[in-house]
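Participant: This is the structure I have questions about; it appears just below.
The values are calculated or read from the model by the stated rules, or taken from the named source; none is laboratory data. Computed from a predicted structure; not experimentally measured. As a convention, Cβ positions derive from the backbone with ideal geometry for all residues, glycine included, and neighbour counts pool all protein chains shown. Note: accessible area is taken over every heavy atom of the protein model, side chains too, but ligands, DNA and RNA are not part of it. Shrake-Rupley method; radii C 1.70, N 1.55, O 1.52, S 1.80 Å.
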Amino acid sequence: MRPICRGDRGAAVLEIRAILTGMQLVPPSPEPAEDGVFDHALERAVRTFQQSRGLSVDGEVGDETWRALLAAQWHLGARTLYQQIPDALIGDDVRQLQERLLEMGYDVGRADGVYGARTAKAVGQFQREVGLTPDGACGPHTLNALRRLGRKVVGGSPQRLREEQVFRAYGPVLVGRQIVIDPGHGGPDDPGVYVPDGPLRWSEADLAYDMASRLEGRLAAAGMRVHLTRGPHPAQAPSTLERAQLANDLGADLLISLHIDGHPNPEADGVAAFHYGTDNGVTSTMGERLAGLVLREIVARTGLRNCQVHAKSWDILRLTRMPAVRVDIGYLTSPTDRARLTDPRFRDLVVEAIVAAVQRMYYPLEADVLTGSIDVRELRAALAGAEFSSPS
Ligand SMILES: [Zn+2]
């Protein structure tokens, strides 16, 4: 949908205002007749809401913000939660329930706010353990039991341990691991950040695709199974939901989403990495680790300014079930970063850095190596050696 923004009017604006008023983010307007207009106060409320949810703060209501607003209307206890088929129940109440179950050590996967089979199963397990009928639905009785017991078991991080165990079990070899590389944007309508440079036109979508295809080659050479979420010039770029769905359907082990940033201020530059996390402190620890490795390797190998790792609840990070990272590689609007990004040798360095980070994800923590020390060409050599010496 077209984002709803300042100056718009109509039913959608009324609904946005009603939700944000319910959250006490927007004061009741002095002139009720003006409620249908997207005014300055409403825009400020949208920004506050976006900030609190880890969304991009632009003051406009696009798809992602709209879904977050709809989800935000639900508070735990306001309705009975159950596995509804085919359209799963979605909401902040579901996310709160999942976070509580995760804290207690139940396996709900990621706290994504979607009441799916895994959440229903975890609720059933909890019910069995506290002597309730294990129907997998969360009504008043189950909620009471959760509230009574919920806080006792907090400590450690069961989700983190589980993610790490699964990962450790793999061993350090890349062969056969599945990775999804997601070049951001694409298609005729979405070039991403777009900067004219003399006779040239540079777009984030093209440069991200170029790096994705270089990455595909490198990772495939190291034995990984690599999938890209889009081609170079798709007639229609896949939506974020479709990209996340592809990675989930493949059962991918890792997802890396490639973007390049832009800013009205040409002085803004540097590289930042993002992993899934919420303001309640829920985080994907393996995602955080991957983000840290990607960032450090890129900084060490390219000298781009370090703009740090950040927790975000963007859809591409929230809806994917594997450790997922988005990395914003430099600013196309910065003359210094742009000069580097448009040099294919520089893009190769970035790609080598990401390959090294992926390899380090599979090393046991105690065997990890210094940033910048992995020679990516050796990965290929080691693989070839292993193949030739294989007894079968
Ligand atoms: Zn982007």
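Participant: Could you check, for segment 249-266, whether at least one of its residues is under 27 Å from Asp197 (Cβ atoms) and more than 16 Å from the ligand (Cβ to nearest atom)?
Facilitator: Within segment 249-266, one or more residues are under 27 Å from Asp197 (Cβ atoms) and more than 16 Å from the ligand (Cβ to nearest atom).
Participant: Further question on the same structure: I'm trying to understand the selection: among the residues of segment 186-217, which are of a type outside the set (Val, Ile, Thr), over 16 Å from Ser239 (Cα atoms) and in contact with a helix residue (DSSP H, G or I) (Cβ under 8 Å, 6 or more places away or on another chain)?
Facilitator: Tyr194, Asp197, Trp202, Leu207, Asp210, Met211, Arg214, Leu215
Participant: Can you work out which of the residues in segment 85-98 that are open to solvent by 60 Å² or more (accessible area, probe 1.4 Å) and in a loop (DSSP other than H, G, I, E, B) is nearest to Asp315 (Cα to Cα)?
Facilitator: Checked segment 85-98; the qualifying residue nearest to Asp315 (Cα to Cα) is Asp87.
Participant: Hey, another quick one. Looking at Asp206, Asp189, Asp210, which is the one that is farther than 20 Å from Ala268 by Cα, surrounded by fewer than 21 Cβ atoms within 10 Å (Cβ to Cβ) and within 13 Å of the ligand (Cβ to nearest atom)?
Facilitator: On the way: Asp189 fails: within 13 Å of the ligand (Cβ to nearest atom); Asp210 fails: within 13 Å of the ligand (Cβ to nearest atom).
Matching residue, one of Asp206, Asp189, Asp210: Asp206.
Participant: Ok, one more. If a residue has to be out of contact with any Gly (no Cβ under 7 Å at 6 or more places or on another chain), part of a helix (DSSP H, G or I) and of a type in the set (A, V, I, L, M) to count, how many in segment 109-138 make the cut?
Facilitator: 2
Participant: Just to verify a result, which residue in segment 279-331, among those that are within 16 Å of the ligand (Cβ to nearest atom) and surrounded by fewer than 24 Cβ atoms within 10 Å (Cβ to Cβ), is modelled with the highest pLDDT?
Facilitator: Residue satisfying both the conditions and the ranking: Asp328.
Participant: Residue by residue through segment 86-122, note down the ones that are small (Gly, Ala, Ser) and either touching a Cys at 6+ places or on another chain (Cβ under 7 Å) or under 20 Å from Thr133 (Cβ atoms) (or both).
Facilitator: Selection gives Ala117, Ala120, Ala122.
Participant: Read through the list (1) modelled with pLDDT under 90; (2) not in a helix (DSSP H, G or I), then give the number of the only condition that Leu101 fails.
Facilitator: Failing condition for Leu101: (2).
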